[in-house]
1. Has the range 122-139 got at least one residue that is closer than 25 Å to Glu40 by Cβ, open to solvent by 70 Å² or more (accessible area, probe 1.4 Å), in contact with a strand residue (DSSP E or B) (Cβ under 9 Å, 6 or more places away or on another chain) and not aromatic (Phe, Trp, Tyr)?
2. For the list (1) open to solvent by 10 Å² or more (accessible area, probe 1.4 Å); (2) not in a helix (DSSP H, G or I), I need the number of the one condition that Ile152 fails.
3. Could you run through the range 161-198 and say how many residues are assigned to a loop (DSSP other than H, G, I, E, B) and either among the charged types (D, E, K, R) or more than 22 Å from Glu32 (Cα to Cα) (or both)?
4. For the range 1-107, give me every one of the strands (runs of 3 or more DSSP E) that falls completely inside it and has 1 or more residues that are away from the ligand (no atom under 15 Å from the Cβ), buried (at least 19 other Cβ atoms within 10 Å of the Cβ) and at pLDDT 95 or above.
5. Cβ-Cβ distance below 6 Å, separation of 6 or more or different chains: which pairs start in the range 90-118 with a residue that is closer than 21 Å to Ile59 by Cβ and end on one that is of a type in the set (Gly, Ala, Ser) and part of a loop (DSSP other than H, G, I, E, B)?
6. Quick check on Arg191: is it within 30 Å of Gly98 (Cβ to Cβ) and not hydrophobic (A, V, I, L, M, F, W, C)?
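The values are calculated or read from the model by the stated rules, or taken from the named source; none is laboratory data. Note that this is a predicted model, so its numbers are computed, not measured. Ideal geometry is used to build each Cβ from the backbone, glycine not excepted, and the neighbour counts take in all protein chains shown. These area figures cover heavy atoms from the full protein model, side chains too; ligands, DNA and RNA do not enter into them. Shrake-Rupley method; radii C 1.70, N 1.55, O 1.52, S 1.80 Å.
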Amino acid sequence: MAKLKVAVLISGRGSNLQALIDDCRAAGAPAEIVLVLCNEPGAAGLARATAAGIPIQVIDHRGFADRAAFDGALDRALAAAGAELVCLAGFMRLLGAGFVARWRDRLINVHPSLLPAFRGLDTHARALAAGVRFAGCTVHFVRPEMDSGPIIVQAAVPVRPEDTAETLAARVLEVEHRIYPLALRLIAAGRVRVDGERVVVAGAIGPPGPSINPQG
Ligand code: GRF
């Protein structure tokens, strides 16, 4: 079966990109990364793509008059690469409603909280301040409102009394690196359906761990 062609959009270090690269390289992987797009010329993640032999394109948002023009340039690059699915992986630009609508249910993001809790930035410091006992991360389809949209996979981790935002972020990041490839595999295998604002996953997921629950 043809592999799903995926583009990954990054702005920074690209550790989630690396997790996706590694998983797509595994034998029998149902997806391939055809392009890494980045809005920050110096982003460390670009070297990861280059090392893996994946084409990169830097589209610096500062070179565009407005969001629509920037989004249009992204669209053209994605079309030229033949991308069928877009993965946001630490991409720090808000995308316009037009772009999000064009890629509806073909645009996913990883966010370092158990959505709908703690949308936006500084999630780990806010989780600690709120005294929650569990933190985690979410892979979801993107809707125009920031960090919202149908949830594909979530993973929870415990919050420890001695945690700082940094130690909690590191614990959450580890599970981000597990659930982002899992979500991509589920989509690429055709097992994910959006029903209203909820995701239905076909079939059993297997035992990746009790705290990772893409629907039981
Ligand atoms: C991750 O924590 C991701 O959840 C958030 O931004 C961070 C990106 O990290 N959206 P990296 O660039 O993938 O290492």
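1. Taking the range 122-139 and keeping what is closer than 25 Å to Glu40 by Cβ, we get 122-126, 137-139.
Now drop any that are not open to solvent by 70 Å² or more (accessible area, probe 1.4 Å), which leaves 122, 126.
From what's left, in contact with a strand residue (DSSP E or B) (Cβ under 9 Å, 6 or more places away or on another chain): none.
Checking the range 122-139: not a single residue is closer than 25 Å to Glu40 by Cβ, open to solvent by 70 Å² or more (accessible area, probe 1.4 Å), in contact with a strand residue (DSSP E or B) (Cβ under 9 Å, 6 or more places away or on another chain) and not aromatic (Phe, Trp, Tyr).
2. (1)
3. Counting residues in the range 161-198 that are assigned to a loop (DSSP other than H, G, I, E, B) and either among the charged types (D, E, K, R) or more than 22 Å from Glu32 (Cα to Cα) (or both) gives 7.
4. Numbers: elements: 4-10, 31-38, 56-58, 85-88.
Answer list for the range 1-107: 4-10, 31-38, 85-88.
5. If the second residue must be of a type in the set (Gly, Ala, Ser) and part of a loop (DSSP other than H, G, I, E, B), the pairs left are Gly90/Ser11; Gly90/Gly12; Phe91/Ser11; Met92/Ser11.
6. yes
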